[in-house]
Structures are given as C-alpha cells and as structure tokens.
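The structure appears right after this line, and notes come after that.
Values quoted throughout were computed directly from the atomic coordinates according to the rules given, and no laboratory measurement underlies them. Just so you know, these numbers come straight off a predicted model, no measurement behind them. Neighbour counts are summed over all protein chains in view; Cβ atoms, including those assigned to glycine, are modelled from backbone coordinates with ideal geometry.
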Amino acid sequence: MRKYVIMGVQGSGKGTQSELLCDDLDLVHIAVGDIFRWHVQSHTKLGAQVRRIMNAGDLVGDDMVEKVVRERLDQHDWNFGFVIDGFPRNGRQAEFFMESYDIDGVIHLELPEDEVRRRVLSRRLCPNCGMDYNLIADRPEVEGRCDICGHELITRADDTPEALDARLRDYNEKTRPVLELFRRKEFVHDIDARPPADEVQAKIRAALNLPPYQPKRD
Ligand code: AMP
C-alpha cells in the first residue's frame, strides 16, 4: 500500500505527474479540485455552493473539503494506494489528514513563479474526459479539440490572471506552511518541475524508490 501527497504551486504538473504515477502502479488519483469541478459541471447542490469561490480562485471552506475527502477515501477503491492532489492546502486540513491517514511520502513539485504564470495562462482542459493541454508545450492535434474524445476544449474559469493571483497568494500564505509541517517529519521530496513530464516522473520515482514508469498496454 502506497499513500502519497503531491504538492506544488498551480501549473506545476501535479495532475499529469499523479496520473503517470498511478497508471502502472495501480494507485488511485484523488484530485480534490477535479471532484469540485465535477460538482460544478454536474450542477449539484455542492457545485452551486462552491462555484463562485472556485471561479474567484479562493479556497473552499475546510468543513466542506474534509467531507469531500473523507467520502472519497471511504470508498476504499484504492487497494494498492492513492496519490492525493490539491489537499491538504492549509494547516487545519493537514492536521485532519495526518490524524486519519499515514502518508508514505510527500512529492513537492517546484516551479518558479514566472513559469507558473506562463503555464497556467496557456492551459486548456477537456470538460468531457478531463485531459489537460498546454498551448505552449502540449498542444492538441486539432486546435481547440480534445485528442482523446474530440470534445471542445475550455479554459478553466480560475485560470485568469486575477484568479491566479488569489491562488498564488493562498498557496504562499497557507499551503507553503503545510510543506514545512510535513518537512519536520522528513518525508518531503523536492522535485524540479521544469523539465519535460517524463523526466519529472523519472525523478519522482527515483526519489520514492519506485520502479521506472512502464506504460500499460491495452
Ligand atoms: P485545483 O484544481 O487543485 O487548483 O483546485 C481548484 C479549486 O478547487 C481551488 O482553487 C479551490 O477553490 C478548490 N479546492 C481544491 N482543493 C481544495 C482544498 N484542499 N481546500 C480548499 N479548496 C480547494
């Protein structure tokens, strides 16, 4: 059983790296932001409660976040373990998490702020299958269309300069201290997120003593 937390500033590639890590190791990727986005897109009651907060780039309240995380982890569909992404984001969430689960490692993706802005503002998302694109490094084959399912790509409502400022402020003020909290327990692995995704993945695996990435054959 492997339980990892992946942390890093917006646009550092947490989603991409989590997917690569989960793929051949049969881990479950739990992305708290994706769960909230699903609720917004599906027009659930929870979605209505968090939509404005998310669009402004602000953090959803801790009670709601903890409920969503608890319910997700209570599904116990993670026999081989999980990678949790986008959580914990402040001290209270970290305490809640550490009280209930032991963690085998924290992956910290590091990216300078100018690169964060460049990446986030050129990010596009498929609202149908969740695939992420980047107009600089990872363009779709047909402009504006998802390579996997052909759906029209969108810009995340919180990938605007204003919302990004709010998210970076929260990251620096609230999430960085969590990293220091974890660091005192000595299981944080700092990884440079600037190289191409496969190189970053290789470094993560080496840091965690995991076998190299072996893409699954269908
Ligand atoms: P992300 O995709 O991780 O950037 O998350 C998108 C948005 O979902 C954030 O800007 C928050 O509004 C909300 N969110 C996701 N995870 C959390 C969390 N752990 N605490 C509070 N809000 C969160």
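For region 136-169, the set of residues classified as surrounded by 14 or more Cβ atoms within 10 Å (Cβ to Cβ), among the charged types (D, E, K, R) and within 16 Å of the ligand (Cβ to nearest atom) consists of 156, 158, 159, 167, listed by residue number.
A single entry from 103, 107 fulfils the requirement of being within 29 Å of residue 203 (Cα to Cα), in a loop (DSSP other than H, G, I, E, B), of a type in the set (A, V, I, L, M) and touching a residue at least 40 places away in the same chain (Cβ under 8 Å): 103.
Residues that are within 24 Å of residue 120 (Cα to Cα) and more than 16 Å from the chain's Cα centre (by Cα) within region 195-217 comprise 195, 196, 198, 199, 202, 203, listed in sequence order.
Restricting to region 69-96, count the residues that are farther than 25 Å from residue 193 by Cα and either of a type in the set (A, V, I, L, M) or away from the ligand (no atom under 12 Å from the Cβ) (or both).
12
May I ask you to verify whether residue 6 is assigned to a strand (DSSP E or B), within 19 Å of residue 129 (Cα to Cα), among the hydrophobic types (A, V, I, L, M, F, W, C) and in contact with a strand residue (DSSP E or B) (Cβ under 6 Å, 6 or more places away or on another chain)? It is false that residue 6 is assigned to a strand (DSSP E or B), within 19 Å of residue 129 (Cα to Cα), among the hydrophobic types (A, V, I, L, M, F, W, C) and in contact with a strand residue (DSSP E or B) (Cβ under 6 Å, 6 or more places away or on another chain).
Residue-wise test of (1) in a strand (DSSP E or B); (2) within 18 Å of residue 2 (Cβ to Cβ); (3) touching a residue at least 60 places away in the same chain (Cβ under 8 Å).
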position	(1), (2), (3)
136	no, no, no
166	no, no, yes
180	no, no, no
204	no, yes, yes
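Can residue 172 be described as loosely packed, with under 15 Cβ neighbours inside 10 Å and under 25 Å from residue 1 (Cα atoms)?
Criteria not met by residue 172.
Of the listed requirements (1) among the aliphatic types (A, V, I, L, M); (2) in a helix (DSSP H, G or I); (3) under 28 Å from residue 115 (Cα atoms); (4) touching a residue at least 12 places away in the same chain (Cβ under 8 Å), residue 84 misses just one: (2).
The condition (being surrounded by fewer than 18 Cβ atoms within 10 Å (Cβ to Cβ) and within 14 Å of the ligand (Cβ to nearest atom)) is satisfied by just one residue among 110, 66, 99: 66.
The condition of being more than 28 Å from residue 96 (Cα to Cα) and either touching a Ser or Thr at 6+ places or on another chain (Cβ under 7 Å) or in a loop (DSSP other than H, G, I, E, B) (or both) holds for residue 147. Among the residues of region 39-63, those that are farther than 16 Å from residue 84 by Cβ, free of Cβ contacts under 8 Å to residues at least 40 places away in the same chain and either hydrophobic (A, V, I, L, M, F, W, C) or more than 11 Å from the ligand (Cβ to nearest atom) (or both) comprise 40, 42, 43, 44, 45, 46, 47, 48, 49, 50, 53. Restricting 173, 162 to residues that are without any contact (Cβ under 8 Å) to a residue 24 or more places away in the chain and either of a type outside the set (Gly, Ala, Ser) or not in a loop (DSSP other than H, G, I, E, B) (or both) narrows the list to 173.
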